[in-house]
Amino acid sequence: MHDGIKQVTQVAGNSTPRNLLDDAFSITGTSHVTNSAGASRDAIIETPLHKVVVCNHIDSGTIRFQGPNHYAILDFGNGTCDAIATISIDNYSPRTITLP
């Protein structure tokens, strides 16, 4: 089973409807997944994700993934358009990862 709520709000580019390249969006929400064995996982956007149209990746925001025994924080950074993020599992030091 999978359920969730996602809210996407346009935060830039509203005044230039013919220019999509200056559009930016803020994404919030939560998700809950239960597998066939009954184990559940939650994903909570703790800091709104920020996505600009001209960037291939989310450039800022954090998601908390919570399982029955562990949790992880995925941090997309400070607003720089790149493929770099960090992940911290169970409050250990963050590790840098490259997004696909």
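Before moving on, here are some points about what is shown:
- When T47, T62, T98 are compared by accessible surface with a 1.4 Å probe, the order from highest to lowest is T98, T47, T62.
- 37 °C / 0.692 mPa s Stokes-Einstein diffusion coefficient of region 1-40, Kirkwood radius on C-alpha pairs, µm²/s: 262
- Modelled label positions at S40 and D22, each set 7 Å beyond Cα in the direction of Cβ, lie 4.5 nm from each other.
- Residues in the chain average 67 Å² of solvent-accessible surface per residue, probe 1.4 Å, ligands and nucleic acids excluded.
- Computed Rg/Rh of the chain, alpha carbon atoms with Kirkwood Rh: 1.04
- Region 26-47 and region 68-100 have Cα centres separated by 16 Å.
- Surface composition of the chain: carbon and sulfur make up 56 percent of the accessible area, probe 1.4 Å.
The values are calculated or read from the model by the stated rules, or taken from the named source; none is laboratory data. What you see is a predicted model; the values in this text were computed from it and never measured. Here Cβ is always computed from backbone atoms with ideal geometry, including for glycine, and neighbour counts include all displayed protein chains. These accessible areas exclude ligands, DNA and RNA; they are computed on the full protein's heavy atoms, side chains included. Shrake-Rupley method; radii C 1.70, N 1.55, O 1.52, S 1.80 Å.
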